Amino acid sequence: MLGGGIGGLAVALALARRGRAVRVFEQGAEFKEIGAGIQLGPNVYRMFEALGLTSAIERYCVHPDNLVMMDALTGEEVIRLHVGADAFQERFSGYRYGVIHRGDLHQVLLDACSAERGIELLTLKKGERFEDPGDRVLLHLEGGERVEACALIGADGLWSRMRAQMLADGKPRVSGHIAYRAVLPRAEVPDDLWQNNVVLWAGPKTHLVHYPLRRGELYNLVAVFHSDRYEEGWDVFGDADELRRKFANERPEVKRLLDKINVWKMWVLCDREPVRHYSQGRVTLLGDAAHPMLQYLAQGANMAIEDAVVLAAYAEISGWDFARAFRWYEDARYLRNARVQTTARYYGDIYHASGVVREVRNWFLAPGPEADPGAKPSFEGVAWLYDGIRIPTAAPG
Ligand SMILES: Cc1cc2nc3c(=O)[nH]c(=O)nc-3n(C[C@H](O)[C@H](O)[C@H](O)COP(=O)(O)OP(=O)(O)OC[C@H]3O[C@@H](n4cnc5c(N)ncnc54)[C@H](O)[C@@H]3O)c2cc1C
């Protein structure tokens, strides 16, 4: 396994739970996640259950009551999805919606991996390239070390070296959107701005998302705007003045939250066109290495964890014939991942709409006058995503 992020640890765990020994090679000096919140759809809770992680996740996560979109110019509520309601849980087989600190999710996975005797976690091991002579894989690490294995999974993220070698499809696509992220302690959030909801303030070429984290001790803020700046990486400092300028015409609620923070970390948001194939013999890709997506559906990590569970199931079903299992895994996953990748782009356009398009959005998403407030919600629009996947129990037919 190359890469010890959320995807890499999830697949190491999924394989170890099925009795397979795994080595995880991480380039960093330690296994850790930086950044802020991760939203968890009911689809990934099904995966947590399969991995035996539900109670560990529950120790950290918050279950919001609603996902709410607000118009950042007028303050009107555009749409609200009651994810805390019994009806939501009932619709999605008892699974809920959650939010968790990225570090907490990673720590839950790391603790579970550390407790598995079959998993070896290795740091300061940077993968450079692989060779696949047919009966095994050779992974070449920086510094000249060469490792032999029966299969290799590249979970090395957006800037994946394994992908560069396998697909040679150039750099990721820079979306022109930048995310600034910060986390506030509960005490610093004005009471009138604190909500147990995931709130998205949609403004022209901007949006701000906020929600509580870590049992409600923290408040996660992610502000996104259009920019032509371009810097790689996750840990670059943002410019608070630039941010204030971008949101200058928006509602006081938005500006008051932004004003609470002086130090922001910045991400340049990138994705790629979906591809049909990302396996080659005994080597495959997983998570952002395989299908990097914009975060507008809040599903990149969710998809990486679904990948992990499916891959491990097929590996066992194939009798540990990894080349075969990787083909099945790819066939099972590519369309769903591609749908999330492409839909996320549309969601970005909807969030950032301006002018008349913004008005059309608000009109289109508003409940119609004929809507019965007492009617049971169908959650039809999100069912394709939140219904999730079946975990394979047999070879594909
Ligand atoms: C602003 C923002 C908000 C998001 N919100 C959500 C959300 O709410 N819900 C959600 O599901 N997803 C969300 N995502 C997406 C999610 O963060 C990613 O999809 C997820 O982290 C991908 O995990 P990964 O393990 O595939 O890759 P990464 O997290 O990038 O991990 C890759 C790992 O590989 C290591 N590595 C890289 N190269 C090498 C190498 N050559 N050798 C060895 N190790 C290497 C890295 O150090 C890292 O540890 C968001 C993303 C952004 C940017």
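The values are calculated or read from the model by the stated rules, or taken from the named source; none is laboratory data. In this text, all values refer to a predicted model and were calculated from it rather than measured experimentally. For neighbour counting, all protein chains shown are included, and Cβ atoms are generated from backbone atoms with ideal geometry for every residue, glycine included. Calculation scope for accessible area: heavy atoms of the full protein, side chains included, ligands and nucleic acids excluded. Shrake-Rupley method; radii C 1.70, N 1.55, O 1.52, S 1.80 Å.
Could you identify the single residue in 344, 332, 315 that is assigned to a helix (DSSP H, G or I), over 28 Å from residue 132 (Cβ atoms) and touching a residue at least 40 places away in the same chain (Cβ under 8 Å)? Please lay out each step first, then the result.
Working: 332 fails: over 28 Å from residue 132 (Cβ atoms); 315 fails: over 28 Å from residue 132 (Cβ atoms).
After ruling out the rest, the residue left standing is 344.
Return yes or no: is residue 336 charged (D, E, K, R), under 24 Å from residue 153 (Cβ atoms) and in contact with a strand residue (DSSP E or B) (Cβ under 9 Å, 6 or more places away or on another chain)? For residue 336, the condition - charged (D, E, K, R), under 24 Å from residue 153 (Cβ atoms) and in contact with a strand residue (DSSP E or B) (Cβ under 9 Å, 6 or more places away or on another chain) - is not met. Listed by position, the strands (runs of 3 or more DSSP E) enclosed by the stretch 1-114 that each have at least 3 residues that are open to solvent by 60 Å² or more (accessible area, probe 1.4 Å) and closer than 30 Å to residue 365 by Cβ are 77-81.
Just a yes or no: is a residue in the stretch 224-235 open to solvent by 30 Å² or more (accessible area, probe 1.4 Å) and modelled with pLDDT of 90 or more? Checking the stretch 224-235: at least one residue is open to solvent by 30 Å² or more (accessible area, probe 1.4 Å) and modelled with pLDDT of 90 or more. In summary, residue 81 fulfils each of the numbered conditions (1) at pLDDT below 95; (2) in contact with a helix residue (DSSP H, G or I) (Cβ under 9 Å, 6 or more places away or on another chain); (3) more than 16 Å from the ligand (Cβ to nearest atom) with the single exception of condition (3). Can you give me the number of residues within the stretch 132-170 that are free of Cβ contacts under 8 Å to residues at least 12 places away in the same chain, exposed (fewer than 14 other Cβ atoms within 10 Å of the Cβ) and closer than 22 Å to residue 277 by Cβ? Final tally of qualifying residues: 4.
Kindly provide the set of residues from the stretch 373-397 that are farther than 19 Å from residue 66 by Cβ and at pLDDT below 90, ordered by number. Steps first, please.
Our first condition is that a residue be farther than 19 Å from residue 66 by Cβ; within the stretch 373-397, this holds for 384, 387-397.
Across the stretch 373-397, the qualifying residue is only 397.
If the condition is being open to solvent by 20 Å² or more (accessible area, probe 1.4 Å), closer than 18 Å to residue 137 by Cα and not aromatic (Phe, Trp, Tyr), then the stretch 320-338 contributes 321, 323, 324, 327.
Residues considered: 281, 348, 300. Of these, the only one that is at positive phi and of a type in the set (Gly, Ala, Ser) is 281. Hey, among 75, 3, which residue is within 15 Å of the ligand (Cβ to nearest atom), on the phi > 0 side of the Ramachandran plot and modelled with pLDDT of 95 or more? Result of the check over 75, 3: 3.
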